[in-house]
Structure formats: C-alpha cells, structure tokens
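Trainee: Let me give you the structure first, and then I'll get to my questions.
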C-alpha cells in the first residue's frame, strides 16, 4: 500500500520538476478545498441552523471572499431557508476561482506559474514526510488491533488509506492558502557592473522546512535572481529569508549576510558543483 502511495506522490513531484503546466490542477485544488469547507459547515441540520458566519470566517483565511451571505440568501429566495448545500458550494467555488483570476492578473502569468510550482513542490514534500512518520506510528501500534479481534493487516490498510486521503486534502488546502496569501513583489532587473539582479519577492519558504534548500530542476528563472520573502509561519508568526535562484535550483541564504559575503558563498558553491 505504501509503495502505491509513494508512486502517486512521486508522479506529482515529477510533473512539477519537469515544468508541466499545473494551473488546471491548482484550479481543482481551489474547487475541492472550498467545497470541502462548505460541505463540512452544512453537513447537519437545516439551512437556518448552519453557522455561515463561521464558514465565511474560515474561507476568508483561505482567500479574499467577495460573495456575501446576504447576497446568496437574496439570490436563493430572500432568506436562509432557500439555501442549499450544492448552491452554496457552487457559488463559493465560482467566487474563489474569480479571486484566483485576479491573483493571476496581479502577478502575471509567468510569475503565477512559477509560484504554483514552487508552492506545490514544497508543500508536497513536507506533507509526504509527515505522512511517512504517521505510517511508522501506525505500523508500530497496529498489533494491538489483534487484541480487539480485528485483522491487523486489514486495519493497517484501512487506516493507512484514511491517512493518505487526509494528507492529500491537506496538500490541497495548504497549497491554496499559500498561493492566495503569500505576498509576491516583482522588480525589473537593475544592472550592477557586469551582473544583473532582480527581486522576485516572497516565495514559499513558510511552506518548506526551516533552512531547507529547495533544489528543483527546471524551476529556476532563466536569469540569476535574488529572492527575499516574508510569509506566515505555522506558529502564527512571520518567517523572513532570502534565496539565490539560478538555473538548476534554489539555494537559501542568510538574509543578514552582506552582498560580498553572498557572492563569496555563491562562488564557493559553483566551484563545489564542478
């Protein structure tokens, strides 16, 4: 079972690393995530019982919601009783897709596609590592199921399948959150002597393990770039950092280092790679 799961994840990584266009996949992530929020918030009771304020609060943490509860109530008959789960899901999915249209326009196609690849790769790798730890814990304790007259192998497969599905949902949700909320600044390259530098701004270091270099064939821009970022951390704070991006990969650097120190480190890295 774990080998099949590994093949799924490695196939996703391969697509990203080979530079395939994953915009459609990102759009699916957005739709699936928003629908999951809606279904969870409207699973029980009648429309009058649904806590839509709480749903909207959760969605606003994910993306900039434009649709309002009042607008949807009026469009469905004038009050909350006319709302349905399917209607809410469809309207909010459309709202989220429109928000991503605006996000793409603000970034530009090239930056948006690059951001998608880096975010998905980072979130995918971290979530897969977490899943492997969880599967280890499951395997270590699965023998206890025999004491309850249950087949340990069947229980391992069932619970492992549930963990994998939860991981995939988490990948979608975190990817969508970072794509909407990470702040990206793009500046034109400015000549400095014989070199050119550009600031592409914040990427996805908050989605990666701290200080873990991101190396991804085919993901770097065609010209060298200096990248600085600040993004929400998992603890609720803010992560700041910098990266040097060149053909062949991304190397995280010390944001407090001087330009001379950064250049010396880069020359040393290049010599080491020969």
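Listed here are the residues, each with its yes/no results for (1) within 16 Å of residue 169 (Cβ to Cβ); (2) assigned by TED's automatic domain parsing to the domain that holds residue 155; (3) part of a helix (DSSP H, G or I); (4) more than 16 Å from the chain's Cα centre (by Cα).
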position: 10; (1), (2), (3), (4): no, yes, yes, yes
position: 48; (1), (2), (3), (4): no, yes, yes, yes
position: 78; (1), (2), (3), (4): no, yes, no, yes
position: 88; (1), (2), (3), (4): no, yes, yes, yes
position: 104; (1), (2), (3), (4): no, yes, yes, no
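Trainee: Next question. With respect to residue 95, determine if the residue is touching a residue at least 24 places away in the same chain (Cβ under 8 Å), farther than 16 Å from residue 27 by Cα, surrounded by 13 or more Cβ atoms within 10 Å (Cβ to Cβ) and out of contact with any strand residue (DSSP E or B) (no Cβ under 8 Å at 6 or more places or on another chain).
Mentor: So residue 95 fails the test.
Trainee: While we're looking at this one, here's another question. Starting from residues that are part of a helix (DSSP H, G or I) and more than 16 Å from the chain's Cα centre (by Cα), keep the ones in segment 50-59 and report whichever is nearest to residue 177 (Cα to Cα).
Mentor: Looking at residues that are part of a helix (DSSP H, G or I) and more than 16 Å from the chain's Cα centre (by Cα), I get 58.
Trainee: Further question on the same structure: Being loosely packed, with under 13 Cβ neighbours inside 10 Å and either without any contact (Cβ under 8 Å) to a residue 12 or more places away in the chain or over 30 Å from residue 106 (Cα atoms) (or both) is the requirement here; does residue 42 meet it?
Mentor: Considered against the rule, which asks whether it is loosely packed, with under 13 Cβ neighbours inside 10 Å and either without any contact (Cβ under 8 Å) to a residue 12 or more places away in the chain or over 30 Å from residue 106 (Cα atoms) (or both), residue 42 comes out as no.
Trainee: Run down 96, 67 and say which single residue is within 30 Å of residue 45 (Cα to Cα), assigned by TED's automatic domain parsing to the domain that holds residue 5 and not in a helix (DSSP H, G or I).
Mentor: Criteria check complete, one pass: 67.
To keep it simple, each residue is scored yes or no on (1) surrounded by fewer than 18 Cβ atoms within 10 Å (Cβ to Cβ); (2) in contact with a helix residue (DSSP H, G or I) (Cβ under 7 Å, 6 or more places away or on another chain); (3) at pLDDT 95 or above.
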{"site": "32", "(1), (2), (3)": "yes, yes, yes"}
{"site": "37", "(1), (2), (3)": "no, yes, yes"}
{"site": "48", "(1), (2), (3)": "yes, yes, no"}
{"site": "88", "(1), (2), (3)": "no, yes, yes"}
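Trainee: I would also like to ask the following. Give segment 50-73 a look and list any residue that's farther than 12 Å from residue 92 by Cβ and touching a helix residue (DSSP H, G or I) at 6+ places or on another chain (Cβ under 9 Å), or say none.
Mentor: 50, 51, 53, 54, 61, 64, 73
Trainee: Which ones in segment 106-128 are under 20 Å from residue 60 (Cβ atoms) and not in a helix (DSSP H, G or I)?
Mentor: none
The values are calculated or read from the model by the stated rules, or taken from the named source; none is laboratory data. Quick caveat, the model's predicted, so the values are computed rather than measured. Glycine also receives a Cβ, built like all others from the backbone with ideal geometry; neighbour counts cover every protein chain displayed.
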